[in-house]
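Scroll down for the structure; my scribbles are underneath it.
No value in this document is a laboratory result; all are computed from the given coordinates. Not measured: the values here are computed from a predicted model. Positions of Cβ are generated from backbone atoms using ideal geometry, with glycine treated the same way; all protein chains shown enter the neighbour counts.
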Amino acid sequence: MEEGNSKITCLTFQKQEPVIKSITDKINKAKGVQEKAGFAEELQKEIDVLFSCSNYKEGSLECGSCRFIANLRKITTDAIIKAK
């Protein structure tokens, strides 16, 4: 993820980001709510990896950004799953 000149350099985030983007693409291409919900459940597992990061540092701007992004994604997946 890159916004302007800021970039999250955390190895956990960098490892998870392509996996998360791939699943997100599957959700976007899925036809029905059931199919989307299945991918959303898979995505939640990958998002949970970010929440359980062993390198998390309270007060770190980078960690805060990562958690913010993860929270937004979790809210979205929760809404998709609830819609099914």
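Before moving on, here are some points about what is shown:
- The simple Förster model, with R0 at 25 Å and r as the Cβ-Cβ distance, assigns Ser22 and Glu58 a FRET efficiency of 0.25.
- Computed magnitude of the charge dipole of the chain (debye, nearest 20; Cβ of K, R +1, Cβ of D, E -1): 260 debye
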